[in-house]
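The values are calculated or read from the model by the stated rules, or taken from the named source; none is laboratory data. Everything numeric in this text was worked out from a predicted model, so none of it was measured. Neighbour counts run over all protein chains shown; Cβ positions are idealised from the backbone, glycine included. In case anyone asks, the SASA skips ligands and DNA or RNA and just uses the protein heavy atoms, side chains included. Shrake-Rupley method; radii C 1.70, N 1.55, O 1.52, S 1.80 Å.
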Amino acid sequence: MGIATIDPATGQAVKTFAALTPAEIEEKLDRADRAFRSYRRTMLVERSRWLRNAADILERDAESLGATITLEMGKPIKEAAGEVRKCATVCRYYADRAPEFLADEPAETDAKFSYVAYHPLGVILAVMPWNFPLWQVFRFAAPALMAGNVGILKHASNVPQCALAIERVLMEAGFPSGTFQTLLVGASQVEAIVRDDRVKGAALTGSEPAGASLASIAGDCIKPTVLELGGSDPFIVMPSADLDAAVRTAVTARLLNTGQSCIAAKRFILHEHIADAFISKLVDKFAALNVGDPKDPATDIGPLATPTILDEIEQQVDACLKVGAKAPTGGFRLDRPGNYYAPTILTDLPEGCPAYQDEFFGPVALTFRVPTLEAAIDLANSTEFGLGACAWTTVEAEQKAAIERLDAGAVFINGMVKSDPRLPFGGIKKSGYGRELARQGIHEFVNIKTVWIGD
Ligand code: NAP
């Protein structure tokens, strides 16, 4: 598939785009490099003003930008404008807080005066996925631009109109020409861009193979990277939990964005005393969901973004069913045009089936029973991923054990894992490294410069 908008609800090609030629890429890199030389000298107060303008534009255009998201990757329209508004919050957060995060930090040494300064690195490449096509990019762009870096975006090939819209928003907001550019390029064109001397670092959000490939090329060139990769987040429920609240949250935690979220709760690890009750309530809720046209505001679950994702989720579920797993609801693709898969719950998963290791990137909840919290944590930690985790319990000792022993970049107690501009976001193990958002996110692509001044 080339760079194109293909409506996931119908399978129809809407618009195709030509990938940039090497000469066009060269022109854009040159522009970015030249933009950096003057942009790095702009004042923080100016950058904040532009970022606040961007927030205003995002709010003004939330509905139309949301419609573009829905058209290109099938997000239910009732969630899409919310994604755009969330981008405004990250712009405002860094517009307000970056001056504090980037301020010089005095250090007591033998110098007359010494301090740590945070200076920009230059042109940073962002390789981004389609699942939150605006949010993923703005959470990179807002801190990068505030820090004085310049951004170039290689977005997923199925969301070109979102990619172009992001550049338009930032340019309309007043950022100087060349400080943020969308490059319509395929994955095979990324290597040459990473290797280009003008590019000083790269962030990738996406799959493990893409992350490993980009990081190995960047490593070869000694360039910093941040990787936000996949996850198979556990959702642990203990007997003391408020079961109805846990079930209600479980539906959103698993099915938001039709289940295509890195931090979606994917494995429901249930204490055996509440497992039957939890599953039965969850089945009722899944079965009652409205699956259909993502452009319809009444739709809860839309199509998957591409036919490949649909095939993959179908194969994963079939492999589990083949070895004895049960599907009390769902377990099949829908017989209609578009990439639709029924909201599915799997139980009785035999050890060794894909559910124990793989990421299920779609509307499929995997359920497991355990006799103790100890067993729940062991199972939770038994994948290669370590993005988020949540545990539902009102017992303080259990909360403490979950926080201390769950191997994940984030642990939420009695709530679902979510991203928030005020909290760092990222994973461990094969979920990646580095952090986005919060103070930690803006410090990823800066030169942490030591300054020592003698008499
Ligand atoms: P993907 O195939 O890795 O694509 C993500 C981006 O990487 C796209 O722009 C893609 O371009 C590009 N890409 C693919 N292969 C590449 C390569 N070898 N070199 C350089 N760039 C390459 O990921 P996906 O399957 O679309 O997205 C789903 C995955 O992303 C899931 O595993 C999900 O958990 C993860 N994700 C993680 C986070 C997080 O914050 N941790 C957030 C969202 C999603 P093309 O589209 O042109 O192939």
Any chance V116 is within 16 Å of the ligand (Cβ to nearest atom), aliphatic (A, V, I, L, M) and either within 30 Å of L310 (Cα to Cα) or surrounded by fewer than 22 Cβ atoms within 10 Å (Cβ to Cβ) (or both): no
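Go through the residues of the stretch 385-394 one by one and say whether even a single one is within 15 Å of the ligand (Cβ to nearest atom), of a type outside the set (S, T, Y), buried (at least 23 other Cβ atoms within 10 Å of the Cβ) and not in a strand (DSSP E or B).
If we filter the stretch 385-394 for residues that are within 15 Å of the ligand (Cβ to nearest atom), which is where we start, we get 385-389.
Then keep just the ones that are of a type outside the set (S, T, Y); that gives 385-389.
Going one step further and asking which of them are buried (at least 23 other Cβ atoms within 10 Å of the Cβ), we end up with 385-389.
Restricting the remaining residues to those that are not in a strand (DSSP E or B) gives 387.
Checking the stretch 385-394: at least one residue is within 15 Å of the ligand (Cβ to nearest atom), of a type outside the set (S, T, Y), buried (at least 23 other Cβ atoms within 10 Å of the Cβ) and not in a strand (DSSP E or B).
Quick test for you: out of A410, A397, A380, pick the one residue that is of a type in the set (G, A, S) and open to solvent by less than 20 Å² (accessible area, probe 1.4 Å). Break it down into steps so the answer makes sense when it comes.
Working: A410 fails: open to solvent by less than 20 Å² (accessible area, probe 1.4 Å); A397 fails: open to solvent by less than 20 Å² (accessible area, probe 1.4 Å).
Among A410, A397, A380, only A380 is of a type in the set (G, A, S) and open to solvent by less than 20 Å² (accessible area, probe 1.4 Å).
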Matching residues, the stretch 211-225, being out of contact with any helix residue (DSSP H, G or I) (no Cβ under 6 Å at 6 or more places or on another chain) and hydrophobic (A, V, I, L, M, F, W, C): A212, L214, A215, I222
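Residue-wise test of (1) among the hydrophobic types (A, V, I, L, M, F, W, C); (2) touching an Asp or Glu at 6+ places or on another chain (Cβ under 8 Å); (3) open to solvent by 10 Å² or more (accessible area, probe 1.4 Å); (4) in the same structural domain as L255 (by TED's automatic domain parsing).
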{"site": "Q315", "(1), (2), (3), (4)": "no, no, yes, yes"}
{"site": "V323", "(1), (2), (3), (4)": "yes, no, yes, yes"}
{"site": "T329", "(1), (2), (3), (4)": "no, no, yes, yes"}
{"site": "Q357", "(1), (2), (3), (4)": "no, yes, yes, yes"}
{"site": "R369", "(1), (2), (3), (4)": "no, yes, yes, yes"}
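Among the listed residues T70, T5, identify the single one that is open to solvent by less than 50 Å² (accessible area, probe 1.4 Å), touching a residue at least 24 places away in the same chain (Cβ under 8 Å) and not in a helix (DSSP H, G or I). Walk me through how you get there before you give the answer.
On the way: T70 fails: not in a helix (DSSP H, G or I).
Result: T5 is the single residue among T70, T5 that is open to solvent by less than 50 Å² (accessible area, probe 1.4 Å), touching a residue at least 24 places away in the same chain (Cβ under 8 Å) and not in a helix (DSSP H, G or I).
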Test: A408 is more than 17 Å from Q136 (Cα to Cα), part of a loop (DSSP other than H, G, I, E, B) and of a type in the set (A, V, I, L, M): yes
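Based on what the data block shows, is R422 part of a loop (DSSP other than H, G, I, E, B), away from the ligand (no atom under 16 Å from the Cβ), touching a residue at least 40 places away in the same chain (Cβ under 8 Å) and within 24 Å of the chain's Cα centre (by Cα)?
On the way: part of a loop (DSSP other than H, G, I, E, B): yes; away from the ligand (no atom under 16 Å from the Cβ): yes; touching a residue at least 40 places away in the same chain (Cβ under 8 Å): yes; within 24 Å of the chain's Cα centre (by Cα): yes.
Judged against the criteria, R422 is a match.
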Odd one out for I263, checked against (1) closer than 28 Å to A55 by Cβ; (2) open to solvent by less than 30 Å² (accessible area, probe 1.4 Å); (3) not in a loop (DSSP other than H, G, I, E, B): (3)
Enumerated helices (runs of 4 or more DSSP H) restricted to the stretch 156-246, each holding at least 2 residues that are away from the ligand (no atom under 15 Å from the Cβ): 160-172
Residue among E351, E374 that is more than 24 Å from E83 (Cα to Cα), in a loop (DSSP other than H, G, I, E, B) and assigned by TED's automatic domain parsing to the domain that holds G259: E351
